[in-house]
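Remarks on the structure that follows.
The values are calculated or read from the model by the stated rules, or taken from the named source; none is laboratory data. Nothing here was measured: the structure is a model prediction, and the numbers come from that model. Neighbour counts are summed over all protein chains in view; Cβ atoms, including those assigned to glycine, are modelled from backbone coordinates with ideal geometry.
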Amino acid sequence: MTLINKGTAYWQSLDRAHHWHPFTDTKGLNQAGARVMTKGEGVYLWDSEGNKILDGMSGLWCVALGYGNEELIEAATQQMRDLAFYNTFFKTTHPPAAELAQKIAEVTPEGLNRIFFSSSGSEANDTVVRMVRHFWVLEGKPEKNWIIGRKNGYHGSTLVGASLGGMGPMHAQGGPMLANVAHINQPYWYGDDSGLTEDDFGIVRARELEAKILELGADKVAAFIAEPIQGAGGVIIPPATYWPEIQRICQKYDVLIIADEVICGFGRTGQWFGSHTLGIQPDLMPMAKGLSSGYLPLSAVAVGDRVANTLIEKGGEFYHGYTYSGHPVSAAVALAAIRIMQRDRIVDRVRDDIGPYFQQQLRTLADHPLVGRIDGIGLIAGIALVENKTPKTFFKDGDAVGLACRDHCFNNGLIMRAVGSRMVLAPPLIISRAEVDELVAKVRHCFDLTARDVG
Ligand code: PLP
């Protein structure tokens, strides 16, 4: 508290001088000054000026159980007292890592029974690449080392994460990217003027994977990586035909499926994993964020039996690991988080109650002149802002419209993220109906303010 009392200007001055923010134009930020966040409780945040803000983004898609959860705080405190750190490298384990691995295997789709821990989604995806490439070497197919991802997909910002992802601006910096990674188009029907039905479009986009596999040679392609629902790309929910066709293609050419569950995992879509919701049978599943409800850094890769058996039975030592793999305090918090979710039936609540309510209330915004389309399931949603609904016309400078809307939200007590002109929401899973009502009313107000800017 004494620190907070030093005031906004003091913190901003330190920040300006020394703090280098991720994904930020530092020069621009230094002119404006960063907003200083000081407190969180439930679905709300407070800044150093005393403003109360409804967090429609769960921090960064992660604070599933909301802020200030005493049980998570207690789990961390107790574990710090018992054993603040020990590694899991040299024939050692500890109760939280062992129990968490069992717990994750319990809630993941069938056949994913081995859990490798790391601290971030990016690290989990680095792990995945090393695993799949090593797997194919052990299977006697060392040339099967290409990985296919998707344009506009996001898999993190380490060199490997950025390479797997298909974010153009990221590829333009710090290259060359990782070799033997290719990208196909994303299945964003509304954003494309294909003239196809949604179902046909899903098939066409999935078959781009087949075309890419044939172009590279099936004996060269190790895996396909994708988010079940693209998050950072703007909450793109693929047509219903897309994933079954992807699944068929991967099976046909023996290409492993990596379902990046960093955002979709742990109840966000109304089932434990996006793979459950979209009917995907992944070979490997990186996860993070909701795993520890964002209280401490933690990620994991759930590895399917086929890959795990080969790596374990034929692979000898796997020369890979992080100091904080299975960090006991992070693991204790994640274990507590999953137990709370099971005890309070939070995933069922997202599927049957609060998720449908959230989606239904959001759709009351469909009459707003800026709203082109609302996509969502469970507690994740994306709203396309358009200049004209029919014929559909996107804004020429969609980024500017999205950012203006995001700023209106921030200045009016709501956090909503902009991806181009798609406005994105992923509130904490513990949000109440009254809080959903407040959120939707704030969204409408901020859309009104944005419409005034562009009108
Ligand atoms: N994968 C997906 C789908 C993500 O959304 C993210 C981050 O948003 C990552 C990976 C990277 O996670 P991290 O930022 O923890 O490295």
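List of remarks:
- Residue match in segment 91-105 (condition: β-branched (Val, Ile, Thr), in the same structural domain as residue 229 (by the TED database), away from the ligand (no atom under 16 Å from the Cβ) and not in a helix (DSSP H, G or I)): yes
- Failed condition for residue 179, given (1) in a loop (DSSP other than H, G, I, E, B); (2) away from the ligand (no atom under 16 Å from the Cβ); (3) over 24 Å from residue 301 (Cα atoms): (3)
- Against the test of being in contact with a Phe, Trp or Tyr (Cβ under 7 Å, 6 or more places away or on another chain), within 30 Å of residue 302 (Cβ to Cβ) and touching a residue at least 12 places away in the same chain (Cβ under 8 Å), the options 56, 42 yield a single qualifying residue, 42.
- Close pairs (8 angstrom Cβ cut-off, 6 or more residues apart or separate chains): in the same structural domain as residue 254 (by the TED database) in segment 291-317, surrounded by fewer than 21 Cβ atoms within 10 Å (Cβ to Cβ) and among the acidic types (Asp, Glu) anywhere: 310/139
- Some residue of segment 255-273 being without any contact (Cβ under 8 Å) to a residue 60 or more places away in the chain, more than 12 Å from the ligand (Cβ to nearest atom) and surrounded by fewer than 24 Cβ atoms within 10 Å (Cβ to Cβ): yes
- Extreme residue, farthest from residue 138 (Cα to Cα), among residues of segment 295-346 that are touching a Ser or Thr at 6+ places or on another chain (Cβ under 6 Å) and small (Gly, Ala, Ser): 337
- Any hit, segment 46-58, residues being surrounded by fewer than 19 Cβ atoms within 10 Å (Cβ to Cβ), in a strand (DSSP E or B), touching a strand residue (DSSP E or B) at 6+ places or on another chain (Cβ under 8 Å) and of a type in the set (Phe, Trp, Tyr): yes
- Restricting attention to segment 288-300, the residues that are within 13 Å of the ligand (Cβ to nearest atom) and assigned to a loop (DSSP other than H, G, I, E, B) total 5.
- Here the condition is being within 16 Å of the ligand (Cβ to nearest atom) and either crowded, with 24+ Cβ neighbours inside 10 Å or assigned to a helix (DSSP H, G or I) (or both); of 153, 161, it holds for 161 alone.
- Candidate set: segment 182-234, residues that are away from the ligand (no atom under 16 Å from the Cβ) and assigned to a strand (DSSP E or B); chosen: the one farthest from the chain's Cα centre (by Cα): 221
- Only one of the numbered conditions (1) touching a residue at least 12 places away in the same chain (Cβ under 8 Å); (2) of a type in the set (Val, Ile, Thr); (3) farther than 18 Å from residue 180 by Cβ is violated by residue 213, and that is (3).
- Filter result for the condition that a residue is surrounded by 22 or more Cβ atoms within 10 Å (Cβ to Cβ), outside any loop (DSSP other than H, G, I, E, B) and not charged (D, E, K, R), over 128, 137: 128
- Counted residues, segment 164-176 - those being surrounded by 15 or more Cβ atoms within 10 Å (Cβ to Cβ) and not in a loop (DSSP other than H, G, I, E, B): 3
A quick yes/no check of all residues on (1) assigned to a helix (DSSP H, G or I); (2) within 30 Å of residue 438 (Cβ to Cβ):
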{"position": "302", "(1), (2)": "no, no"}
{"position": "308", "(1), (2)": "yes, no"}
{"position": "323", "(1), (2)": "no, no"}
{"position": "326", "(1), (2)": "no, no"}
{"position": "336", "(1), (2)": "yes, yes"}
{"position": "340", "(1), (2)": "yes, yes"}
{"position": "355", "(1), (2)": "yes, yes"}
{"position": "358", "(1), (2)": "yes, yes"}
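- For residue 355, the conditions (1) of a type in the set (Gly, Ala, Ser); (2) buried (at least 23 other Cβ atoms within 10 Å of the Cβ); (3) in the same structural domain as residue 103 (by the TED database) all hold with the exception of (3).
- Pair list, Cβ < 7 Å and 6+ apart or interchain, from segment 330-342 residues that are more than 14 Å from residue 81 (Cα to Cα) to residues that are part of a helix (DSSP H, G or I) and acidic (Asp, Glu): 335/99; 336/71; 340/71
- When residues in segment 311-321 are screened for being assigned to a loop (DSSP other than H, G, I, E, B) and over 23 Å from the mean Cα position of the chain (by Cα), 6 of them pass.
- Residue match in segment 366-375 (condition: without any contact (Cβ under 8 Å) to a residue 24 or more places away in the chain and assigned to a helix (DSSP H, G or I)): yes
- From the options 39, 27, residue that is under 24 Å from residue 436 (Cα atoms) and not assigned by the TED database to the domain that holds residue 261: 39
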